[in-house]
Amino acid sequence: PHMSAASYDLTSRMAPFLDRHLIFPLLEFLEIKEIHSADDILRSKLDLLTDTCMVDFAVNVHTKLNKTDAPADMKNRRDEIVTKLKALKEECQPLLTLIHDEDENSVMKQLRTDKMFNYSTLTEQYSITQANVDSLYRYAKLQFDCGNYSFSAEYLFYVRALLTALGSEREKSVHALWGKLASEILNQNWESALEDLGRLKEFIESRTSCTAAQVLEQRTWLIHWSLFVF
């Protein structure tokens, strides 16, 4: 019997191994190919958006799908997210000031070029604290959740470098690397994404504290994410 194009769609089988943000490009592709009905795609998008901070996107999809204005709680949530963004930005402002310094000789550009961060220098000369680094991590994570992938990629680079310089919180550094990889994929920065894939593979293979099942799970995620890059 003839099988429809939809029967060959593997999105639902891949989705459990992807960050929800990585599923949006797949849905966009399916929408262009018209493999599923437009309303089914919109419903899938709305389901995915429920646990993200991309409220404007959610409002737009809700309006298209239901032909009505978005509920008030969606708009209220947008205000809450904006407030949270402002608060986190203020908390990590000392670091953001250094990161966004356009001077070619700025300390962050020098550190990025040298691929090494002297945390004591940042602390002594620029009053950077561990709390600032933690806030930058949360700020980058929120930027990612809002769909601002260029910002999240940049900030997570610095978070990882600073955490490495501190020599602590290895788990948070790895979470930052997964987030940066997702950001680079969504920005279609394939060269950077390939580098991050290599770093994650190296980390997964070198972990001694994980069970065999945990290592297998992380390898499975990495294989699925790498499909975007190769």
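The values are calculated or read from the model by the stated rules, or taken from the named source; none is laboratory data. Since we're looking at a predicted model, the values are computed, not measured. Counting neighbours? That spans all protein chains shown, and the Cβs are built from the backbone with ideal geometry, glycine included. Quick note on the areas: whole protein, heavy atoms, side chains included, nothing else; ligands and nucleic acids left out. Shrake-Rupley method; radii C 1.70, N 1.55, O 1.52, S 1.80 Å.
Here are the numbers:
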read-out	value
Global form of the range 158-230, assessed from the alpha-carbon gyration tensor, a/c cut-off 1.5	oblate
Under 16 Å from the Cα of residue 86 - aspartates and glutamates, other chains or at least 8 residues apart	134, 145
Filter on 33/64; 64/89; 75/172; 33/75 - keep pairs with C-alpha separation over 21 Å	64/89; 75/172; 33/75
Sequence of 102, 28 when ordered by accessible area, the most exposed leading, probe 1.4 angstrom	102, 28
Rounded, prolate or oblate (a/c below 1.5 giving rounded, otherwise prolate when a/b exceeds b/c) for the chain by Cα gyration tensor	oblate
With all protein chains modelled, accessible area of residue 150 [1.4 Å, Å²]	80
Per residue solvent-accessible surface (Å²) - the chain, probe of 1.4 Å	58
Heavy-atom SASA rank of 217, 90 (probe 1.4 Å, accessible area, largest first)	90, 217
Tensor-based shape of the range 1-88 (alpha-carbon gyration tensor, a/c under 1.5 rounded, otherwise prolate or oblate)	oblate
Segments 153-162, 65-74, 40-49, 180-189 sorted - mean Cβ within 10 Å per residue, highest first	153-162, 180-189, 40-49, 65-74
230, 151, 17, 24, reordered so the largest accessible area comes first (probe 1.4 Å)	230, 151, 17, 24
